[in-house]
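Comments concern the structure below.
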Amino acid sequence: MAGFWIKALQLVFSLSILVILHELGHFIPARLFKTRVERFFLFFDWPRALVKKRYKGTVYGIGMLPLGGYVKIAGMLDEHMDKAQIKSAPKPWEFRSKPAWQRLIIMIGGVTVNVLSAFFIYAMLLYADGERYLPVKNMKYGIVTDTIGHQIGFENGDKILEIDGRSPERSASLVPDILLSDSVLVKRDGKPHTIYLSDADKKRIVEEKGRFYVLPRMPYVVSRVVENSEAQRASLRPGDRILAIAGKPISFADEVVTEIPAHKGDTIALMVQRGAQRLRLPVFVPEKGLIGIQGWDASHFLRVATQDYGFFAAFPAGVRQTRAVLSRYVKQFALILNPHTGAYKSLGGVGSLGKLFPNTWDWSAFWHVTAFLSIALAFLNVLPIPALDGGHVVFVLWELITGRKPHQKVLEYAQLAGFFILMALILYANGNDLMRWAFDR
């Protein structure tokens, strides 16, 4: 239960930061262009505000409904649908009285600030922590995958050369990169082999709810022996490398994981390499299929890359990381729009966002998730849905191109349609969370 509240607190804190920054992106240019901002709220003041204070013509406050926030700009038709104000004669301080280029800057300000915030967070994380990752080119034993991977066409030991014609860089990104690709070039038994991913393959991955994995293959060397376990009774030690199980030669950790449970209830012989010695150790395999050993992770066998950044070098690196995350997010969105993949079923709401955060408070993880959410918020807001910033931008661009303002009734109907679309998406996404909570426990 403590983990739940830590996740919830991180989510609220993260979204509060991003909402305030986003709304400041609208607020600051509005004030620079002498446009009156009537309200600036964190959370929605429905049914009422928790706190509010008027300062220099603007009411600042915190609402009771912890879902986002808003700025209300005078003379702008937004989710408040203040038709009375719009029907009156335009005032010089109102949004609708400003030139189209100024209104465009005001509307794109929120998205711009969210992208810049993500870039700054990534840059500072790289400056503070640097990077440590396993390059795909250093996976000298190839990959190991699960049943889904085998169904798609991968085999344990495949060395991934290209994904959609590009050489992948980091092992941690292989699963999302494969899911968002159409083809993967691998080296198998010394020869190139292309695996093509159909919509059905992607649907299979999505429906397995994150069970699909592609990990670096590696030998099995014991790093830890559990006290009072069968492995300890069999005299296994840290540093032992398993060469054979019940007479079957073993080369890699994935073979150990599958072969030992296949002998539940039996006493089998393990052939291990200990220094210059080869030992044959009999060990009993309990019904759980676990004998009480743990192997070394990939960094023990494969060369991990480390990169530190100075203050100024961190900024271009932050740009690259922001661009990479945004590109992957756009591809994920395209996958969701393809009904044949079934990815729309994975849409989630508040519950899914909360799961992005760890069970314990980790500032590095918190800022990584916050940067990602900032990019997601920017992208979603730029979609051409009338109730979002992108919808308003479309109408302003139309005016800039044609020289004519859209009719007021068009704006009203578009705003209503956009509002209902957004409500439907929010209900669907959070409904998915509820269904998963109810049936996946």
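The values are calculated or read from the model by the stated rules, or taken from the named source; none is laboratory data. In this text the structure is predicted, and so the values were computed from the model without any measurement. All Cβ positions, glycine included, derive from the backbone under ideal geometry; neighbour counts span all protein chains shown.
Tabulated data
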read-out	value
Some residue of the stretch 64-71 being among the aliphatic types (A, V, I, L, M), within 20 Å of LEU356 (Cβ to Cβ) and at pLDDT below 95	yes
Elements of type helices (runs of 4 or more DSSP H) contained in the stretch 314-405, each with 3 or more residues being aliphatic (A, V, I, L, M) and surrounded by fewer than 15 Cβ atoms within 10 Å (Cβ to Cβ)	314-337, 389-402
Hits in the stretch 177-202 (condition: surrounded by fewer than 18 Cβ atoms within 10 Å (Cβ to Cβ), farther than 22 Å from LEU302 by Cα and either small (Gly, Ala, Ser) or touching a Ser or Thr at 6+ places or on another chain (Cβ under 8 Å) (or both))	SER183, THR194, TYR196, SER198, ASP199, ALA200
Selection status of LEU302, more than 30 Å from PHE379 (Cβ to Cβ), assigned to a loop (DSSP other than H, G, I, E, B) and at pLDDT below 95	yes
Flag for PHE420 being in the same structural domain as GLN10 (by TED's automatic domain parsing), modelled with pLDDT of 85 or more, closer than 23 Å to TYR70 by Cβ and of a type outside the set (A, V, I, L, M)	yes
Count - residues of the stretch 329-370 that are over 21 Å from MET124 (Cβ atoms) and of a type outside the set (Ser, Thr, Tyr)	23
Residue in the stretch 202-256 that is nearest to VAL136 (Cα to Cα), counting only those that are touching a Leu at 6+ places or on another chain (Cβ under 7 Å) and β-branched (Val, Ile, Thr)	VAL214
Tally of residues being touching a residue at least 12 places away in the same chain (Cβ under 8 Å) and not aliphatic (A, V, I, L, M) across the stretch 395-430	9
Which listed residue is surrounded by 12 or more Cβ atoms within 10 Å (Cβ to Cβ), of a type in the set (Lys, Arg), part of a loop (DSSP other than H, G, I, E, B) and out of contact with any Gly (no Cβ under 9 Å at 6 or more places or on another chain), from ARG237, ARG211	ARG237
Residues located in the stretch 148-206, provided they are in a strand (DSSP E or B), charged (D, E, K, R) and free of Cβ contacts under 8 Å to residues at least 24 places away in the same chain	GLU162, ARG166, LYS191
Set LYS52, LYS7: member being within 33 Å of the chain's Cα centre (by Cα), over 22 Å from VAL396 (Cβ atoms) and in the same structural domain as LEU422 (by TED's automatic domain parsing)	LYS7
Selected residue [part of a loop (DSSP other than H, G, I, E, B) and aliphatic (A, V, I, L, M)] from MET124, MET218	MET218
Index of the failed condition, MET107 passing every other in (1) assigned to a helix (DSSP H, G or I); (2) surrounded by fewer than 22 Cβ atoms within 10 Å (Cβ to Cβ)	(2)
The one condition in (1) over 21 Å from GLY110 (Cα atoms); (2) aliphatic (A, V, I, L, M); (3) over 18 Å from the mean Cα position of the chain (by Cα) that LEU388 fails to fulfil	(1)
Count of residues meeting criterion [part of a helix (DSSP H, G or I) and closer than 17 Å to TYR60 by Cα] in the stretch 30-47	2
Test: SER299 is among the hydroxyl-bearing types (Ser, Thr, Tyr) and under 16 Å from ARG224 (Cβ atoms)	yes
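Residues are listed down the side, and each one gets a yes or a no for (1) charged (D, E, K, R); (2) in a loop (DSSP other than H, G, I, E, B); (3) buried (at least 17 other Cβ atoms within 10 Å of the Cβ):
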| site | (1), (2), (3) |
| --- | --- |
| ASP254 | yes, no, yes |
| VAL257 | no, no, no |
| ALA262 | no, no, no |
| GLY265 | no, yes, no |
| ILE268 | no, no, yes |
| GLN273 | no, no, no |
| ARG280 | yes, no, no |
| GLY289 | no, yes, no |
| GLN294 | no, no, no |
